[in-house]
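Visitor: Can you keep this structure in mind? I'll have questions shortly.
Here, each number is a calculation from the coordinates, and none is a lab measurement. Please read these numbers as outputs of a predicted model, since none were measured by experiment. No Cβ is skipped: glycine too gets one built from the backbone with ideal geometry, and neighbour counts run over all protein chains shown.
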Amino acid sequence: MSDIDAADVIHTKIWREEAEPDNPFAARVAYCCGYDVFGEMVGQARWVEMLFLLLRGERPEPAATELLEALAVALANPGPRDPSIHAAMCGGVGGSTAAASLIAALSVGAGRYGGAREVFDAMTVWQQCGNNLAAWPDTAPLGTSDPIEVWPAREHAPGFDPHGISTAGTVRQLLDQLVALSATPHLLWLQHNLAQVERSIGLPLALSGVAACALFDLGFTPAQGEMLFLMLRLPGAAAHALEQQGHGYKRFPFYPVELQDAPNAAPENKEAT
C-alpha cells in the first residue's frame, strides 16, 4: 500500500495532501484546488473565499468576495422566530449535545418554508426565467424539475413570503445593500422590478428570495446554494442554543402553553351553589 500514490486512491479535485516522511497519516502540506492552505491561505484568505474555493473550485473576484461576505452576515442569525433557530433553542434548553442542537437547526431549516430547499427552488426559477418577467408566474410555483421528489409539495412561489402583505424592511435593506456592493445583473434587475415581480407573483419578496438571487449571480448551482444557505445560518443556531443552555426552560422566550385551554381538558363545574 505504501507504494501506491494517494492520488490513485483518493479521487477528488478539491483536496491534495503530501504526507510527512515519518508519518504517512499526517499531512506535511495540504492544497485546496491547488492553493497551499497553511502556507498561502491561512492569515491571507477570508473565510468566505475558502467557501467559494471549495464549492466553485476557483478563487473569487474581489467583488464576489464582498457580496458573499455581506450575504453571510445577513444570514448568520435568522433570529429566534425562525423555525430552525427555534429548533436549536429547544435543543439547548433541553440539554441536548451541541451536535444535536445544530442538527435540529439543519433539519428544520432544510425545507420549503424559508429553508434551504426553498432557496434551491428559487435558484432553479432564476435558471429557467432569468430576467424575463413574463415567465415568472408560470414557472415560479414549480421551482424544480427533479424526476423524483422527496420533499413535501411546495405551497407557494419559492423566494416569496406566503403570509406577507408587503416587503419586509430587512428584505429591502438587504437587496439594496447587495446591489450597492455589487450591481450584479439579476440583483439589479430584481431591485428595479421588485414591485412588478411581487404583483405578478401575488406575494412579497422574502429573505430567501434575495439570498437565492445573490447566490445565482455568484455563479453557484442550486445544489451549491442550498448547501451554503444551510451552513451560513448555523452561527445563529449555535449562539441561541448556548444561550438557552444557560437560562433553562423556565426562561424560554416564548409564551407558555396554557394547559387549561387544552382541548381534552375536563370541563369546569360551573353549577350555581
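Visitor: Just add up the charged neighbours of I201: K/R +1, D/E -1, any other residue whose Cβ is under 12 Å from the Cβ of I201.
Guide: -2
Visitor: Per 0.36 nm of contour for each residue apart, how much would the distance between A63 and I103 grow if the chain were fully extended, relative to their Cα-Cα spacing?
Guide: Contour length minus Cα-Cα distance gives 11.2 nm.
Visitor: I would also like to ask the following. Ranking request for peptides 114-124, 153-163, 167-177: highest mean number of other beta-carbon atoms within 10 Å first, then the rest in descending order.
Guide: Ranking, from highest mean packing down: 114-124, 153-163, 167-177.
Visitor: Right, something else. Compute the distance in nm between two label points, each set 7 Å from the Cα along the Cα-to-Cβ direction, one at A168 and one at L181.
Guide: Each label point lies 7 Å from its Cα, and together they span 1.8 nm.
Visitor: Report the gain in length on full extension from E155 to A26: 0.36 nm times residue separation, minus Cα-Cα distance, nm rounded to one decimal.
Guide: My answer for the length gained is 41.4 nm.
Visitor: Determine ³J(HN,Hα), in whole Hz, for all residues of region 120-136 in sequence, where each value follows from phi through the Karplus function 6.51 cos²θ - 1.76 cosθ + 1.60 and θ = phi - 60°; x replaces Gly and Pro.
Guide: 4, 4, 5, 5, 5, 4, 4, 4, 7, 9, x, 9, 8, 4, 5, 7, 5
Visitor: A further question on this structure: Tell me, V37, V42 in order of fewest to most beta-carbon neighbours within 10 Å?
Guide: The most exposed by this proxy come first: V42, V37.
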